[in-house]
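> Before I ask anything, here is the structure I am working with.
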Amino acid sequence: MRIATYNVNGVNGRLPILLRWLEEAQPDVVCLQELKSPSERFPALAIAKAGYSAIWHGQARWNGVAILSKVGEPIELRRALPNDPDPSQSRYLEAAINGVLVAGFYAPNGNPWPGPKFDYKLAWLEELRRHVSSMFAAKASVVLIGDWNIIPTEKDVYKPERWKDDALFAPQARDFYAKMLGDGWTDALDKQFKGKPPFTFWHYWRQSFERDAGIRIDHALLNRHAAKRLKGAGVDREARSWPGTSDHAPVWIELKE
DNA sequence: ATGTCGGTGTCGCACCGA
């Protein structure tokens, strides 16, 4: 079962890109972020024609998340964190698919740092951690996958000094990620690439992609049960090179049946 | 310090968030 995450940066504006990638990559499950679309304008028909059933939680202008599946309808469990500090922001969807609990989300960016947006980021992440804490030892696979907006370590950024004042690389954000790993969660890409995982995001400007001036902020964390099933993971870098593409590349993991 | 996107409304450019 292949589960992917893709920050599309506008699901309507980049629908051709999304459909091309779905056709080529054929993931079983996809968590989308930054739909930038109200729920009523989510392109459900085009996605259904591509073979995917979907649940989504949109919002005008910003944010917005969805879960797509071609291995059975996603059974929606939650469409927000239980105590989101700002419930008006569409950032979290949780579904059961094929016996796997998939939490797909778009964590707050947090810039500028310090400031109220950064406080919201940390509060949101702590609520995520609290909410999933009881799931780690479950007798079923749990996958926390999406745009975490966290650069976990110095190895995950092209030039650490360029990002030292950014909320994505703030010590508190990195500490949070380390706490998740300390709770036992497995960073699937880091494990699969033996400590040298690829970047997942490159700015549009200054030819960042061409220079590989990227960062790693899209992650899949696995509970104990899912970690035992991990058999593959990757970043679909090529999709980042397509004309009119998102600034993120799709990230995927594969679990044994 | 700079740079580039999509979406939105104050609409045909300027803004916001990223």
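Coordinate-derived values only; no laboratory data. All values reported here derive from a predicted model rather than from experimental measurement. When we count neighbours, we look across all protein chains shown, and the Cβ atoms used for this are built from the backbone with ideal geometry, even at glycine.
> Can you pull the three principal axis extents for the Cα set of the stretch A:34-159, in Å, largest first?
Per principal axis, max minus min of the Cα coordinates gives 43, 38, 33 Å.
> Follow-up question, since we're still on this one. Under 24 Å between alpha carbons: how many lysine pairs meet that in the stretch A:120-186, if sequence neighbours fewer than 8 apart on the same chain are excluded?
Value for the stretch A:120-186: 9.
> Ranked highest first by the average count of other Cβ atoms within 10 Å around their residues, in what order do A:24-32, A:243-251 fall?
A:24-32, A:243-251
> Hey, another quick one. Would you kindly give the portion of the calculated P(r) for chain A that falls above 23 Å, as a percent of all Cα pairs?
46 percent
> Could you work out the local net charge near A:LYS36, counting Lys and Arg as +1, Asp and Glu as -1, over the other residues with Cβ closer than 11 Å to its Cβ?
+2
> Follow-up question, since we're still on this one. Rounded to whole Hz and in sequence order, give me ³J(HN,Hα) for the stretch A:222-238 from the Karplus expression 6.51 cos²θ - 1.76 cosθ + 1.60, θ = phi - 60°, writing x for Gly and Pro.
10, 6, 4, 4, 5, 4, 5, 9, 5, 10, x, 6, x, 10, 7, 4, 4
> Along each principal axis of its Cα atoms, how long is the stretch A:1-99 end to end? Whole angstroms, biggest number first, please.
38, 33, 19
> So what are the ³J(HN,Hα) numbers for the stretch A:242-257, from phi and the Karplus equation (6.51, -1.76, 1.60; θ = phi - 60°), rounded to whole Hz, Gly and Pro as x?
5, x, x, 8, 6, 7, 9, 9, x, 10, 9, 10, 10, 10, 4, 6
> Classify the stretch A:207-257 from the C-alpha gyration tensor, please: rounded if a/c falls under 1.5, else prolate or oblate depending on whether a/b exceeds b/c. List each step's numbers first, then the result.
Working: a/c = 3.48, a/b = 2.45, b/c = 1.42.
Verdict is prolate for the stretch A:207-257.
> Compute the signed sum of charges (Lys and Arg +1, Asp and Glu -1) over the other residues within less than 14 Å, Cβ to Cβ, of A:LYS228.
Result for the local shell: +4.
> Once you wrap a convex hull around the alpha carbon atoms of the stretch A:152-193, what is its projected area averaged over all directions, in nm²?
Averaged projected area of the stretch A:152-193's Cα convex hull equals 3.1 nm².
> Suppose the chain between A:ASP165 and A:ALA48 were pulled fully straight at 0.36 nm per residue; how much longer would it get relative to their current alpha carbon spacing? Numbers along the way, then the final one.
Values: separation 117, 0.36 × 117 = 42.12 nm, distance 4.19 nm.
Here the answer is 37.9 nm.
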